[in-house]
Structure formats: C-alpha cells, structure tokens
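First the structure, in the form of structure tokens, and then the observations on it.
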Amino acid sequence: MKKSINVGVISLGCPKNLVDTELLLGKLNASEAKLVNNLDEADVILINTCGFIDAAKEESINTILEAANLKEIDPNKKIVVTGCLVERYKNELEKEIPEVDMFIDLKEELKIPEKLGLKPKLEGSIYQNRILTTPKHTAYLKISEGCDHTCAFCAIPKIRGKHRSRTIESIIDEAKLLADQGVKELNIVSQDTSFYGTDIYGKPMLWELINQLEKIEGIKWIRLYYLYPTTVNEDFIKKMADSEKVVKYFEMPIQHSEDKILKDMMRGYRKKRIEEILNWKEKYIPEAAIRTAVIVGFPTETEKDFEALKEFIKDAKFDWLGVFTYSHEEGTPAYEKFEDIVSQEEKIRRKNEILSIQEKITEEKNRQLIGKEMEILVDGFSEEWDTLPIGRTYRSAYEIDGITYIETTEPVKVGEFVKGKIKDVVDVSDTVAEVE
Ligand code: SF4
C-alpha cells in the first residue's frame, strides 16, 4: 500500500458508535492518512456499522454494497468494515460480500490504521487525538461500554459484552480536553447511564461523576441519555432538579407500559415504576422534558396490551417518543422463547397509531412554550435558508429532538447561547423564537 492514503469514513448507528468512529478518525489523522469526504477520492472506504435491529442491519449492508459498487469502478480501492454488524455476522459477511478487504472485530477496531500499514504518531492519549464530527460546541462523552441487562429483545449484551465503566478520572480528563476545544454541551452516553460505576466502584456513581463534570469551566449543559428505570429513583430526580448544569431533560426508554409485556421483555421493572418516576418528575422538575421509546409487536403483545399502551402514552404525555417495531434477533432470549407472530404489516399499523397519538402530544407541549423566554444554544443555520440560525433549548437533544428557528436582526454566533421568546410551532416538533 502506498505511503499516503486517502481514507473516507462512514459512521452508522448510534452516538456510541460515533464516538468510536471519532477516536478512529483521530488515529487516522495522526498517521499518514488523509481523511476525505468524497468517497470517489478514497483509497480506503472505512464503514463503522450498526447491527442492532433489522432496519439498521439493512442500512449497514446497503452501505457496504454501495462501497462495493465504487470498487467495481476503481478496483484499487480497499473496503474495511467494522462495528456491531461485523461482531454479529463476520463469517456470513465474509462469505456473502467478498469485495470487502477486511472485516475487523470490535476489539480490534482501533487498530485499523496499523492494519492498513499506517503508523499513527499520537500526541498524548487516544482521547487527545479524537476528532469531533459534531459542531464544536457539543460532544458525546461515552462513560461506559456494554450492558449487564438481559432484555429479551436486545442483542447488545451479546455484541458489546458486559458493562464496563471508565474511571471517573479518565472521563474527567476527556471532558476537560473537550471543554478546552470549545465544547459547551456534554452528551453523556452509554448503554446504561444510570448504572454507571457499579462494576468498578460497587455502587452507581453517576452523580459523583456529574459533580466533577460540573466543575469544569466552559461546560454549560450536561445532557443524560439512556437512563434505565430501575436506577432512576426519587433521589436521582432530586439531584437532577438541584443540578446547575444537568439540563432538565432525560432520555429513558420504557419499551412498554404493560406488566405482562415488561415481564416477557425481561425488563427489571413494572408499570408502577414508570408511574413513580413520572410523579417524581412532576413533583421536583415539572419543566423537565422526557424522551422515551417503546417497542410494538412484541410476540406476546395482544391487541388489548396494545390498546393499554396507547392509553398509557396518552396519559403520560412524554415530550418526545420513538417507536420501534419488534425485530426478531437471533441469539436474544425472545428469539429462543417466542415465535415472531405479529405480522410486519400489523407492527407498522401499531407503530403509526402510536406516532399519531404522540404527534399531538408533542405539538401541544411545544405550543405551551409560546410566550416563554428560553435560552437557546445556536447549532448552525437552516438547510433551506442558510441565513436563518437554528438552535435548541434544553428540551431538545442534538439531531434527535425538534429544533428552534431563531429570528433575529442581529448576527448570532454558532456555539453561543442566546435568549429568545418562543412565538410559534412548526411541523409539530420545531419552534420559532424571536431574539431581540
Ligand atoms: S438495557 Fe436492555 S435494551 Fe438496553 S442495551 Fe441493555 S439489554 Fe439492550
């Protein structure tokens, strides 16, 4: 392989995967590789895949096949594939897609530059070299890897292994580096954020970690993703209420509301727990926004269970909600125990019904903001009108929830916080704010 090579990188899947990609980009950048966006110019196309559910697997495979098409035009191109899909299906992929030059396991992922014959010269730790792909004021901070739960539908523990927390020191060091680079919002990600620390410190240590993160100058917002209902207790909600920097927002997938389904899903809580959390939230932080996710079409979900889920969602009034159709994944407890009996058509019908209920709730919640003055973090400019700034209030996570269009006659800078009065709601989830 020639000395300087152009590498084009595609990252699929969740923010946790994106963090891995960003570390890899840093290592590539510290070697003789040149990172390119245009894949036509790439000598090597590197794809970090997702293999969580059917739709993600399909997207990953299509992306690999598109790269294989480019290789047909230029046979000198190399294709390297890593990530969760490879971890699950390496043998099959090797047989089915021979155009790929290397399939790399997760544990070898960060050694890809060396496997390409490159010699990275890292200055400092791997985190010091990380290249952010998000706007420079917001970054994901991965605090642990893997998951100890055994949710019946989920392949993650098989792919990513048991929960392994990073030490507080290591995370704080990285957070300081990010703050020095201009990051103002830390997005805390993992498979099970509220469980953080239990494996290495013997008890959940998320708030001890947050106490230290809050002391870092420059960090203004800390946003929590992937809380698991069993470890979100009253004390947790009180701490969130008292925190100066943790935004009043949390992502906590409930997956279902009905006890029978939660039991079959092997989730470690029941409906009562979700209701308790919603009550604590109302008591201590009524303004907090919650994002949740549910799965429809689980094998034991009857029409009656589905109707009950709909009623629950109507009452609970989550701010944001995602719906997944059940995906029958090999190697999961549900795959062993149940037949995938709900048809795809029926799953989609259930998904659409929930989405239409949620749309009304999300819009109503956004309308309640009209007239309120809110702090907005400016993320960039609208794709349609590139002079129109866009941003987010505390209620929205980057690239996940609704955005806020900022109407102003004064120039605003990307990465700065501005105060604006909400004056309208557009397309259900977006708002318009006037900044004077
Ligand atoms: S908590 Fe459950 S759904 Fe989430 S990653 Fe762990 S096993 Fe999967």
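The values are calculated or read from the model by the stated rules, or taken from the named source; none is laboratory data. Just so it is clear, the model here is predicted, and its values are computed rather than measured. Glycine also receives a Cβ, built like all others from the backbone with ideal geometry; neighbour counts cover every protein chain displayed.
Things worth noting here:
- Test: residue in segment 276-290 that is within 16 Å of the ligand (Cβ to nearest atom), assigned by TED's automatic domain parsing to the domain that holds Tyr335 and closer than 18 Å to Asp235 by Cβ: yes
- The residues of segment 131-148 that are under 18 Å from the mean Cα position of the chain (by Cα) and not hydroxyl-bearing (Ser, Thr, Tyr), listed by number, are Ile131, Leu132, Pro135, Lys136, His137, Ala139, Leu141, Lys142, Ile143, Glu145, Gly146, Cys147.
- The conditions of being surrounded by 15 or more Cβ atoms within 10 Å (Cβ to Cβ) and touching a Ser or Thr at 6+ places or on another chain (Cβ under 7 Å) are not met by Val378.
- Residue check, Glu94 under 15 Å from Leu23 (Cβ atoms), more than 16 Å from the ligand (Cβ to nearest atom) and loosely packed, with under 15 Cβ neighbours inside 10 Å: no
- If you check Leu369, Leu388 for being among the aliphatic types (A, V, I, L, M), closer than 27 Å to Ala316 by Cβ and out of contact with any His (no Cβ under 6 Å at 6 or more places or on another chain), only one passes: Leu369.
- Residues that are surrounded by fewer than 19 Cβ atoms within 10 Å (Cβ to Cβ) and not β-branched (Val, Ile, Thr) within segment 63-77 comprise Leu65, Glu66, Ala68, Asn69, Leu70, Lys71, Glu72, Asp74, Pro75, Asn76, listed in sequence order.
- Residue list for segment 403-423, filter: surrounded by 13 or more Cβ atoms within 10 Å (Cβ to Cβ) and in a strand (DSSP E or B): Thr404, Tyr405, Ile406, Glu407, Phe417, Val418, Gly420, Lys421, Ile422, Lys423
Residue-wise test of (1) under 24 Å from Gly51 (Cα atoms); (2) in contact with a His (Cβ under 6 Å, 6 or more places away or on another chain); (3) among the polar types (S, T, N, Q).
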{"site": "Glu123", "(1), (2), (3)": "no, no, no"}
{"site": "Gln128", "(1), (2), (3)": "no, no, yes"}
{"site": "Lys142", "(1), (2), (3)": "yes, no, no"}
{"site": "Cys151", "(1), (2), (3)": "yes, no, no"}
{"site": "Lys158", "(1), (2), (3)": "yes, no, no"}
{"site": "Lys162", "(1), (2), (3)": "yes, no, no"}
{"site": "Glu169", "(1), (2), (3)": "no, no, no"}
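- Residue list for segment 251-275, filter: within 12 Å of the ligand (Cβ to nearest atom) and part of a helix (DSSP H, G or I): Leu262
- Flag if Glu174 is buried (at least 17 other Cβ atoms within 10 Å of the Cβ) and within 17 Å of the chain's Cα centre (by Cα): no
- Selection status of Pro120, away from the ligand (no atom under 16 Å from the Cβ), at pLDDT below 95 and either surrounded by 14 or more Cβ atoms within 10 Å (Cβ to Cβ) or within 30 Å of Phe417 (Cβ to Cβ) (or both): yes
- One residue from Glu346, Glu363 being surrounded by fewer than 19 Cβ atoms within 10 Å (Cβ to Cβ), assigned to a helix (DSSP H, G or I) and either touching a Pro at 6+ places or on another chain (Cβ under 9 Å) or touching a residue at least 60 places away in the same chain (Cβ under 8 Å) (or both): Glu363
- Any hit, segment 127-136, residues being within 16 Å of the ligand (Cβ to nearest atom) and in contact with a Phe, Trp or Tyr (Cβ under 8 Å, 6 or more places away or on another chain): no
- Scanning segment 178-208 for residues that are of a type in the set (A, V, I, L, M) and within 20 Å of the chain's Cα centre (by Cα) yields Leu178, Val183, Leu186, Ile188, Val189, Leu206.
- Filter result for Ser190 (crowded, with 23+ Cβ neighbours inside 10 Å and within 16 Å of the ligand (Cβ to nearest atom)): yes
- Residue in segment 137-161 that is farthest from Leu209 (Cα to Cα), counting only those that are away from the ligand (no atom under 11 Å from the Cβ) and of a type in the set (A, V, I, L, M): Ala139
- If you check Lys176, Lys215, Lys184, Lys239 for being in contact with a helix residue (DSSP H, G or I) (Cβ under 7 Å, 6 or more places away or on another chain), under 30 Å from Val378 (Cβ atoms) and basic (Lys, Arg), only one passes: Lys239.
Yes or no, residue by residue, for (1) at negative phi; (2) free of Cβ contacts under 8 Å to residues at least 60 places away in the same chain; (3) buried (at least 16 other Cβ atoms within 10 Å of the Cβ):
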| site | (1), (2), (3) |
| --- | --- |
| Tyr228 | yes, no, yes |
| Phe236 | yes, yes, yes |
| Glu258 | yes, yes, yes |
| Lys263 | yes, yes, no |
| Lys271 | yes, yes, yes |
| Gly297 | no, yes, yes |
| Lys304 | yes, yes, no |
